[in-house]
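Take a look at the structure set out below.
Derivation of every value follows stated rules applied to the coordinates shown; laboratory data play no part. In this text, all values refer to a predicted model and were calculated from it rather than measured experimentally. Neighbour counts run over all protein chains shown; Cβ positions are idealised from the backbone, glycine included.
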Amino acid sequence: MDCIVAVDEKWGIGRENDMLCPISTDLKRFRAITSGHILVLGRKTLESFPNQKPLPNRIHIVLTQNRDYQAEGVTLCHSIADLPTVLKQYEGEKVFVVGGGSVYRQMLPFCQKAYVTKIYDTFPADTYFPNLDEEEGWVLVEKGQMQEEKGVRFSFDLYERV
């Protein structure tokens with residue numbers, strides 16, 4: 001299992017259930033990396049997607065404690081403890097954790113790689129990703145080339161569990 005995330009310099013990832021700084025190059029990369037694979041995400045993350053619908057060409061496993069919650073085109077999972085049973089039917093498939101904050105924190109111990117879009121700026125955030133530069137057991141293995149889009153500088157970095 002891997003995770004994919006865009007963070008600012010303080011490892012902020014969102015505010016009021018929205019991305020801090022949407023970058024079209026990053027969104028295209030997200031689509032390219034996750035297309036055809038399994039996504040594990042929280043309910044609020046699903047609801048932040050266009051039309052609150054699953055993204056095309058991906059299987060969505062939505063973690064929610066709300067047993068009354070319903071969403072079309074997704075598999076619901078009501079606890080982290082139940083997730084291995086749900087994922088068993090997709091054995092051998094690539095799985096990506098895609099948010100939000102509490103799902104990242106709970107699932108990070110099970111991830112082997114983190115695809116991080118590092119945005120070289122800070123934004124008002126209310127949701128954060130663990131700082132992998134300080135997180136024990138994680139190492140930056142690939143520092144991406146500095147890029148810029150509409151005045152926003154960013155790089156695509158890869159961290160791995162050691």
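Evaluate the charge dipole of the chain about its Cα centre and quote only its size in Debye, nearest 20, assuming +1 on the Cβ of each Lys and Arg and -1 on the Cβ of each Asp and Glu.
Its charge dipole is roughly 420 debye.
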Normalised per residue, the volume of the convex hull around the Cα set of the chain (Å³): 117 Å³
By average C-beta atoms within 10 angstrom, highest first, the peptides 8-15, 83-90: 8-15, 83-90
Please check: in the Gaussian network model of the chain (C-alpha springs, under 10 Å), which one of Ile59, Ile33, Ile119 has the largest mean-square fluctuation. Ile33
Counting Lys +1, Arg +1, Asp -1, Glu -1, what net charge surrounds Trp138 among other residues with beta carbon under 12 Å of its beta carbon? -4
Which three extents, in angstrom, do the Cα atoms of the stretch 55-140 have along their principal axes, listed largest first? 37, 30, 26
Across the chain, how many lysine pairs separated by 8 or more positions, or lying on different chains, have Cα atoms within less than 14 Å? 5
Hey, if you put +1 on the Cβ of every Lys and Arg and -1 on every Asp and Glu Cβ in the chain, which of Ile80, Gly101, Thr122 ends up farthest toward the positive end of that dipole? Ile80
Let me have the relative contact order for the chain, percent, based on Cα pairs under 8 Å that are six or more residues apart. 32 percent
Which angle from 0 to 90°, rounded to the nearest 10, does the C-alpha axis of helix 24-34 make with the longest principal axis of the chain? 40 degrees
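Pull up the DSSP beta bridges for the chain and report the antiparallel fraction as a percent, rounded to 5.
50 percent
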Long-range amide H contacts for Thr127: which residues qualify at under 5 Å (H placed 1.01 Å from N, peptide plane, sequence gap of 5 or more or a different chain)? Ile13, Gly14
